[in-house]
1. Using θ = phi - 60° and the Karplus curve 6.51 cos²θ - 1.76 cosθ + 1.60, what whole-Hz ³J(HN,Hα) does each residue of the stretch 115-120 get, with Gly and Pro shown as x?
2. Quick one: compute a quarter of the convex hull surface over the Cα atoms of the stretch 110-172 and quote it in nm².
3. Once amide H atoms are built 1.01 Å from N in the peptide plane, which residues 5 or more positions from K25, or in another chain, come under 5 Å H to H?
4. Go through V148, F165, V111 and say which Cα lies farthest out towards the positive end of the charge dipole of the stretch 110-172; charges sit on Cβ, +1 for Lys and Arg, -1 for Asp and Glu.
5. P(r) for the chain: what percent of alpha-carbon pairs falls in each 10 Å bin, starting at zero?
6. Rounded to whole Å, give me the distance from the Cα center of the stretch 83-128 to that of the stretch 153-173.
7. For I158 and N68, what is the calculated FRET efficiency with R₀ set at 30 Å and r taken between the beta-carbons, to the nearest 0.05?
8. Given Cβ point charges of +1 (Lys, Arg) and -1 (Asp, Glu) and nothing else, what value in debye, to the nearest 20, does the dipole of the chain about its Cα centre take?
Amino acid sequence: MNYNYPFVIQNGGSEQITFLGLKQKGNIECIEIEGLVQPKAGPPMHVHHQQEETITIVKGKMATQILNEQPRFHNEGETVTFKAGVPHRFWNSGTEPLRTIGFATPPNNLVYFLSGIYNSTKENGGKRPGLFDSAFLLTRYKSEFDMVDVPAFVKKFIFPIVLFFGKITGKGKKFRDAPMPL
């Protein structure tokens with residue numbers, strides 16, 4: 001998909017991402033990203049199977065957590081890197097908005113996937129993405145992304161049912177231009 005950068009997405013209240021554009025980092029393409037996260041907010045435990053994610057705190061305080069590890073706390077100027085395939089989460093641990101800048105390497109379908117999740121969350125009142133949208137995006141792009149907090153039972157048994165009925169009722173039309181998974 002082609003995007004006009006900067007490209008801004010919002011999830012309906014607590015998080016905003018600005019994709020600044022594609023860049024070369026050595027021989028690898030990356031996407032530069034600015035983040036704005038309100039206090040106590042942040043994405044749930046997730047994994048990028050193919051992307052390394054690097055976040056530098058511009059303003060505020062951030063907590064990070066790797067799956068099954070204790071949270072770590074970071075201040076302005078610090079940089080955190082999450083290697084591809086490592087389940088993680090981060091959140092604003094301060095009382096003021098958290099501002100970050102960073103990169104995802106390689107970008108692959110990150111912009112499309114996060115745009116779909118954020119738009120669905122916004123349409124669903126800003127709390128969580130809709131069930132059909134989650135089922136579609138997490139199933140189609142399972143080689144690239146996963147939401148660790150979604151139980152395996154839901155992914156294996158509920159998502160296929162939701163996708164079946166969602167496609168019958170036309171909910172899948174908004175994803176007709178979805179790029180191929182990698």
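1. 4, x, 5, 5, 5, 5
2. 4.2
3. Hits under the 5 Å cutoff: C30.
4. The one lying farthest along the dipole's positive direction is F165.
5. 9, 36, 39, 14, 2
6. Distance between centres, Cα-based: 24 Å.
7. Efficiency at R0 = 30 Å is approximately 0.75.
8. 620
Rule-based calculations on the coordinates, nothing more; no lab input. The structure displayed is predicted, hence computed values, not measured ones. All Cβ positions, glycine included, derive from the backbone under ideal geometry; neighbour counts span all protein chains shown.
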